[in-house]
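Written below as structure tokens is the structure these notes are about.
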């Protein structure tokens, strides 16, 4: 077993290709050796005007962080990764449909209702999705939950029953506005379930009491 572990350690230092699938995209990250001139204009390990022969793509001249350079890795390609110097991250770019957990909310007239939703979206710009927001998938779900909660609290139960289309449009508009700049394309938001909440309490005697 120690031989296998030793081989894995040794091969971990060897440059290797990273295969990017057709439904993935992301970025590579390379550290800067020094800051300031001339490295900001004549960088190390990258050329702005000359394509690298092993990747056939130049490093992006505009995406520069304080201590690293970033380049986009597009779907359906392969890129060389140098261990201990480079790292890369990818995410799925195909359409995803997420069921948002149902939540219990009090309406304006004091009714406790449960609302279930779902959201359909895809990653349009992988670099923004990975760098501009932490965990874009969970952030989207939190945005939907917040919008639903605020909307339900401002309407009565009868208004909710007659304005589901309005709720859906409000959700779609609000989620698109909140996720602007995240590199995501919000395709649709749907109301999957809405109804009065039924609470159950277990008594000390073991009997089940149902209250609405």
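For the subset of the range 45-71 comprising residues that are closer than 28 Å to residue 10 by Cα and at pLDDT 60 or above, which member is farthest from the chain's Cα centre (by Cα)?
Per the criteria, the residue is 67.
Could you tell me whether any residue of the range 119-131 is surrounded by fewer than 18 Cβ atoms within 10 Å (Cβ to Cβ) and either touching a helix residue (DSSP H, G or I) at 6+ places or on another chain (Cβ under 6 Å) or without any contact (Cβ under 8 Å) to a residue 24 or more places away in the chain (or both)?
Scanning the range 119-131, I find no residue that is surrounded by fewer than 18 Cβ atoms within 10 Å (Cβ to Cβ) and either touching a helix residue (DSSP H, G or I) at 6+ places or on another chain (Cβ under 6 Å) or without any contact (Cβ under 8 Å) to a residue 24 or more places away in the chain (or both), so the answer is no.
Just the residues that are surrounded by fewer than 18 Cβ atoms within 10 Å (Cβ to Cβ) and in contact with a strand residue (DSSP E or B) (Cβ under 6 Å, 6 or more places away or on another chain), please, taken from the range 146-171.
149, 164, 168
Please determine whether any residue of the range 111-128 is out of contact with any strand residue (DSSP E or B) (no Cβ under 8 Å at 6 or more places or on another chain), modelled with pLDDT under 90 and in a loop (DSSP other than H, G, I, E, B).
No, every residue in the range 111-128 fails to be out of contact with any strand residue (DSSP E or B) (no Cβ under 8 Å at 6 or more places or on another chain), modelled with pLDDT under 90 and in a loop (DSSP other than H, G, I, E, B).
The values are calculated or read from the model by the stated rules, or taken from the named source; none is laboratory data. The structure displayed is predicted, hence computed values, not measured ones. Cβ atoms come from the backbone with ideal geometry, glycine included; neighbour counts cover every protein chain shown.
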